[in-house]
């Protein structure tokens with residue numbers, strides 16, 4: 001799993017002069033396309049647009065392209081097969097690990113995280129929050145599980161697609177809490193949140209940034225975080241571990257990838273600009289306002305954390321028989 005050590009948020013020191021010269025030698029031939037593998041309006045989309053705006057000031061025009069579906073796998077595969085020239089990037093989140101693992105186990109994976117993508121840097125560390133519709137009589141996860149056990153038929157839960165993080169985590173909770181829920185998959189966090197607000201599903205999850213306004217407005221109730229500590233902006237929300245569900249702990253992230261075989265000078269320039277963007281005052285302040293933590297770690301650190309997470313998720317997805 002990701003841990004706070006591998007999720008270090010800054011690169012210590014400055015790169016050596018030859019590396020700077022190599023990184024400065026590449027410039028984009030046109031607008032950089034940042035592919036978000038979910039519909040517009042979710043946390044990943046919001047953060048991508050913050051970075052795209054900053055890149056426009058430093059590297060050249062950057063546009064966000066939403067390619068949702070398949071729990072994020074459709075947009076990811078588009079980038080995996082794009083020319084490795086630095087013009088098309090992927091901005092993904094922790095669902096990358098669970099969806100890819102589910103596709104691998106089903107024998108239908110069109111790509112592998114470890115071999116088909118070049119990690120660039122962490123954009124932001126974003127807590128994943130478990131949410132209930134405000135009409136559900138539960139103040140935390142423990143109370144929600146007790147309530148769900150009394151419901152016949154079982155309540156509906158929503159996810160951002162088959163094999164997604166919320167799909168896996170909900171099945172972990174059902175198994176460990178010994179209760180039932182029915183799965184309704186959505187194409188991304190934005191439509192999931194809309195149905196949570198409407199009460200068509202009563203339980204789901206979202207990265208904190210895109211649900212924070214609904215939480216503060218009282219329309220959605222945060223009942224747990226998957227992170228290993230309580231959210232900085234919602235310190236009253238207990239972790240899943242605190243509530244007796246340690247197997248549901250999973251650290252959230254949003255980060256940048258390029259297609260594998262992208263030349264080193266291109267990756268170095270992209271890393272330099274994106275890491276600097278994450279640390280820039282205007283970007284960092286907006287990320288903090290969204291309840292997240294700015295990124296900007298090295299490509300090696302970011303890659304190791306993602307690879308460690310998918311290695312830990314694979315056996316869990318297989319044990320739960322998560323289907324895509």
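Tabulated data for the structure shown
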read-out: Members of segment 167-192 found to be surrounded by 19 or more Cβ atoms within 10 Å (Cβ to Cβ), in a helix (DSSP H, G or I) and without any contact (Cβ under 8 Å) to a residue 40 or more places away in the chain, listed by number; value: 170, 192
read-out: Which numbered condition residue 158 fails, given (1) crowded, with 24+ Cβ neighbours inside 10 Å; (2) in contact with a strand residue (DSSP E or B) (Cβ under 7 Å, 6 or more places away or on another chain); (3) at pLDDT below 95; value: (3)
read-out: Boolean, residue 20 is modelled with pLDDT under 95 and surrounded by fewer than 17 Cβ atoms within 10 Å (Cβ to Cβ); value: yes
read-out: Residue check for residue 260: assigned by TED's automatic domain parsing to the domain that holds residue 25, surrounded by fewer than 20 Cβ atoms within 10 Å (Cβ to Cβ) and under 30 Å from residue 118 (Cβ atoms); value: yes
read-out: Helices (runs of 4 or more DSSP H) lying entirely in segment 58-159 (those with 1 or more residues that are closer than 17 Å to residue 47 by Cα); value: 73-80, 95-105
read-out: Set 300, 284, 227: member being out of contact with any helix residue (DSSP H, G or I) (no Cβ under 8 Å at 6 or more places or on another chain) and not in a loop (DSSP other than H, G, I, E, B); value: 300
read-out: Residue check, residue 246 without any contact (Cβ under 8 Å) to a residue 12 or more places away in the chain, surrounded by fewer than 22 Cβ atoms within 10 Å (Cβ to Cβ), under 25 Å from residue 278 (Cβ atoms) and more than 18 Å from the chain's Cα centre (by Cα); value: no
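The values are calculated or read from the model by the stated rules, or taken from the named source; none is laboratory data. No experiment lies behind these values; they were computed from the predicted model shown. When we count neighbours, we look across all protein chains shown, and the Cβ atoms used for this are built from the backbone with ideal geometry, even at glycine.
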